[in-house]
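Since every read-out is calculated from the coordinates, none of them should be taken as a lab result. Computed from a prediction, not measured in an experiment: that's the story for all the values here. Every residue, glycine among them, receives a Cβ derived from its backbone with ideal geometry; neighbour counts consider all protein chains shown.
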Amino acid sequence: MFTIIKFLFLKTTRLALLIAAVAVLSFVLVSNSPIDPVDAYAGAAILNISPEQRDIIAQRWGVDKPPIERFLTWAGQLVQGDFGVSAIFNEPVLDVISKRFITSFWLMALAWSFSGALGFGLGLTAGAWEGSLIDRGIRIYAYTMASTPTFWVGIVLLMVFSVFLSWTPTCCAWPIGMSADQATIWQRLHHLLLPVITLSLIGIAKITLHTREKTIEAMHSDYAIFARAQGESTIGIVLRQAVRNVALPAVTLQFASLGELFGGAVLAEQVFAYPGLGRATVEAGIGGDVPLLLGIVLISTVFVFTGNSVADFIYQLVDPRMRKVAGSSS
């Protein structure tokens, strides 16, 4: 019990320091962005806006103040739980993030689950039959996907299945003309299909290669050699011996890959015009929506840090050696 409390305390402290550092760095980068928030807010109408109107818009969004003053004001509101108001959506930032995060959650959850399960299975298969045609085929696929950009995979799938074959929608999270409440679960799953496949194809590669290496180590270990000498089959060794040693590193890596999953979701949502948190990030960056962009950065920081913390906790919970290392290092 004490170990868990100590683990949570250390992680909470690190998260607080990380959020503070990310907040400062993100604000500095956004403040030095070449995009003028007033120009981005006004758009094409900026040519018809007088200097007085421009000053009013600048005062409305607080960009007429020095950067340090703006940061202190924003940080003070942030401590109170106020992330500000989005200039693009004209809504509180937390409301925008909550709506978009729910939409992105199903995309990332399905892709995360499929990539983990399929990657683990392919890695076990390739490692168990090292050097076979199956192993070579799986390695070629994994290395190819590991070096392929997410947006390129999305564009190819979109061209084949949506444009040429007309099997899947070309955009959005539900049919055009409908709201989220009006769409059925099957319609939403239909629109999720290609984005999920895109993220899964990329995510499978890393888990596959990592699991393959761990499986090869397990298949060449003393207990595997002894089991084979006793007449155990390859499948029996994999199921009875290798899986137990390979599963924990694979699960840990899967939780630690949430940052890459979020980055991939940003590109996938942009390709498929999927109205999730990733696309909102791009819109906030292009539109100079500073409060929304900073809010998404902080929320994604917590999201990724939580994934890494869960991975550390699982490893220490299952492997007593990790608890000893963590205790001695602290």
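Indicate the gyration tensor shape class of region 98-285 (rounded, prolate or oblate), computed on the Cα atoms with a ≥ b ≥ c the square roots of the eigenvalues: a/c under 1.5 is rounded; otherwise a/b larger than b/c is prolate and the rest oblate. Verdict is prolate for region 98-285. Take every pair of alpha-carbon atoms less than 8 Å apart whose residues are at least six positions apart; their mean separation over the length of region 98-285 yields a relative contact order of 37 percent. Taken about its Cα centre, the chain carries a charge dipole of about 1080 debye when Lys and Arg each add +1 at the Cβ and Asp and Glu each add -1 at the Cβ. With the charge dipole of region 98-285 set up from +1 on Lys and Arg Cβ and -1 on Asp and Glu Cβ about the Cα centre, the Cα lying farthest toward the positive end among the listed residues 249, 164, 229 is that of 164. Taking label positions 7 Å along the Cα-Cβ direction at both residue 247 and residue 170, the computed distance is 4.6 nm, reported to one decimal.
Work from the charge dipole of the chain (Cβ charges, +1 for Lys and Arg, -1 for Asp and Glu, about the Cα centre) and give the residue of 125, 108, 68 farthest towards its positive end. Result: 125.
Ranking 179, 278, 137 by Cα position along the charge dipole of region 98-285, where only Lys, Arg, Asp and Glu carry charges on their C-beta atoms, puts 179 farthest toward the positive end.
Site pair residue 77 and residue 225 shows an inter-label distance of 6.6 nm when each label is modelled 7 Å from Cα along Cα→Cβ. Charge dipole (Cα centre; +1 on Lys/Arg Cβ, -1 on Asp/Glu Cβ; no other charges) of region 173-298 amounts to roughly 380 debye. Please work out whether region 117-164 counts as rounded, prolate or oblate from its C-alpha gyration tensor, where a ≥ b ≥ c are the square roots of the eigenvalues and a/c under 1.5 means rounded, while otherwise a/b larger than b/c means prolate and anything else oblate? Prolate. Annotation: amide H-H contacts under 5 Å for residue 85 (H modelled 1.01 Å from N, sequence separation of 5 or more, or interchain): 93.
Calculate the FRET efficiency for residue 234 and residue 148 from the Cβ-Cβ distance with a Förster distance of 25 Å, rounded to the nearest 0.05. Given R0 = 25 Å and the Cβ-Cβ separation, E is 0.20. Potential lengthening of the chain between residue 14 and residue 50 amounts to 8.2 nm, from the contour at 0.36 nm per residue minus the alpha-carbon distance. Of 260, 52, 283, the sequence from fewest to most neighbouring Cβ atoms within 10 angstrom is 52, 260, 283. Judged by the ratio a/c of the largest to the smallest principal axis of the C-alpha gyration tensor, region 255-300 counts as oblate, that ratio being 1.5 or greater while a/b is no larger than b/c.
Diffusion coefficient of region 121-211 by Stokes-Einstein, Kirkwood radius over Cα pairs, 25 °C, 0.890 mPa s: 165 µm²/s. In plain terms, the bigger the Kirkwood radius, the slower the diffusion; for the chain, with that radius from Cα pairs, at 37 °C and 0.692 mPa s, Stokes-Einstein puts D at 144 µm²/s. Per-residue ellipticity at 222 nm, computed for the chain from helices alone with -39500 (n - 2.57) per DSSP H run of at least four residues, works out to -24500 deg cm²/dmol. Each of 8, 201, 193 was scored by other Cβ atoms within 10 Å of its Cβ. Listed from fewest to most, they are 8, 193, 201. Each of 132, 309 was scored by other Cβ atoms within 10 Å of its Cβ. Arranged with the fewest first, they read 132, 309.
Across the chain, the mean sequence separation of Cα contacts (distance under 8 Å, 6 or more residues apart), normalised by length, yields a relative contact order of 26 percent. For the pair region 221-259 / region 102-166, the C-alpha centres are spaced 22 Å from each other. Full extension of the segment from residue 33 to residue 187, taken as 0.36 nm per residue of separation minus the current Cα-Cα distance, would add 51.5 nm. Extension gain for the segment residue 180 to residue 106, taken as residue separation times 0.36 nm less the Cα-Cα distance, is 25.3 nm to one decimal. Here the 3J(HN,Hα) profile of region 240-251, calculated from phi with Karplus coefficients 6.51, -1.76 and 1.60 at θ = phi - 60°, is 8, 10, 5, 4, 5, 8, 8, 5, 4, x, 5, 5 Hz, Gly and Pro shown as x.
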